[in-house]
Amino acid sequence: MELDRETLEKAAQGALERPSDAMFWDDRLFTTHGAVFHWAELSDDLLEESNYLTALAEIQGAAGDDADEHVIDGTSRHFAHGSLRTIYVQVYDDDVIRCRKCASAAAWAVSRKKHGRRRFLCGACKNDWDWDSKHYGLPALEPIAYRPRFTAAFIEATELALSLQDYPILDESDYSEREWEAFEKALKEAVEHAQSEYGLVDTCAEDNAIAELYYQNEDGEHRQNWRSPDDVDWEVVATEYREARDVYFLELATEVYRWNVLGYSPDQLALFAA
Ligand SMILES: [Zn+2]
C-alpha cells in the first residue's frame, strides 16, 4: 500500500492531538511522538491484545535501528480501563525543520522581504503570520510549502491502522493462537471446578486420570463445538466430567474383579488391553 501525503498528514494530526484530560510522564508524547494504538490490558479482549502486540512488533521492525528512539510502548493509568497500553511513534524524521514559534514540525517557509531570510512555520503559526501580513499590510513573498519527512515507524503505523478499517484482524494466526490458549485455560478452570465436587473422595492421581479421560472424549461438547473461552459452560463440563468419572471407576472395578476373581495380574491385563 502506498500512502499519499494527504493521508499521512491527516494521520499525523490525529496522532499528535493531545488529549486534554491527561498528564504525560514523558515530554515527547504529543510533541514529537503521536499515539497510534491502544490496548486496555485488563479487558480480556483478545483481539485488541493480538492487534496491539502485532502492531508493536511490525512498527518496531519498520523502525529498525531507530526502534528504541522512535517507538514507545507506554502504560498509563486510565479511569475507565485501569491500565492502558499505548504505542507512541515519532511522527517526523529526526532532522526535520521545526516551527520557529512553537517547535512543532514546520509546514511552510515564509519571508516578508524579497531578499529576507526564510523562516519556517507550522500550519497554525502560519495562519497568524498571514493574519499579520494582511492586517498590517506587510509585504510578503508567496509562502512555500515545506514537506517534512515521516519516519518509517509512523508510515507503518498508519498503514496498519488503515488496514484495520478493511479487516479487523492484523495477524489471523496470532489471534487464533491466543484464543485457543484462552480456551484451554477456561476449560481447565471448569474441569478443576468439576473436580472440587469430589475433593474429599478422589485422590490426586484419580483426578488426573479422570480429567485425561474427559479431555480425550471425542463425543464431548468441548471437542465437538467449543473453540473460544466464551463457549465453556461449567454445567456441561460438570456433567461430562461426572460421566468420565463413572467410566473410570467402572473400568477400575472391572479390573479389580478380573484380578481378584479371575486371577489375572495387571501385566496380563495390559496384554489384553493391547
Ligand atoms: Zn508553530
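The values are calculated or read from the model by the stated rules, or taken from the named source; none is laboratory data. If you're wondering where the values come from, they're calculated on a predicted model, not measured in any experiment. Neighbour counts are summed over all protein chains in view; Cβ atoms, including those assigned to glycine, are modelled from backbone coordinates with ideal geometry.
Hey, can you tell me all the residues within the stretch 180-232 that are in a loop (DSSP other than H, G, I, E, B) and either crowded, with 16+ Cβ neighbours inside 10 Å or touching a residue at least 24 places away in the same chain (Cβ under 8 Å) (or both)?
Residues of the stretch 180-232 in a loop (DSSP other than H, G, I, E, B): 197-203, 217-220, 225-228, 232.
Those that are in a loop (DSSP other than H, G, I, E, B) and either crowded, with 16+ Cβ neighbours inside 10 Å or touching a residue at least 24 places away in the same chain (Cβ under 8 Å) (or both): Glu197, Tyr198, Asp202, Asn217, Gly220, Trp226, Arg227, Ser228, Val232.
Residues that are within 16 Å of the ligand (Cβ to nearest atom) and surrounded by fewer than 17 Cβ atoms within 10 Å (Cβ to Cβ) are absent from the stretch 44-55 altogether. Comparison of Lys101, Lys126 shows that the only residue that is within 42 Å of the chain's Cα centre (by Cα), closer than 27 Å to His33 by Cα and assigned to a loop (DSSP other than H, G, I, E, B) is Lys101. For the stretch 107-119, filtering for residues that are within 10 Å of the ligand (Cβ to nearest atom) and out of contact with any Leu (no Cβ under 6 Å at 6 or more places or on another chain) leaves 1.
Residues in the stretch 120-141 that are at pLDDT below 90 and touching a Leu at 6+ places or on another chain (Cβ under 9 Å): there are none. The set of residues in the stretch 140-179 being within 30 Å of Ser111 (Cα to Cα), touching a residue at least 24 places away in the same chain (Cβ under 8 Å) and not β-branched (Val, Ile, Thr) consists of Ala140, Leu141, Pro143, Ala145, Tyr146, Arg147, Pro148, Arg149, Phe150.
When the stretch 56-103 is limited to residues that are touching a Phe, Trp or Tyr at 6+ places or on another chain (Cβ under 9 Å) and hydroxyl-bearing (Ser, Thr, Tyr), the one that is farthest from the ligand (Cβ to nearest atom) turns out to be Ser76.
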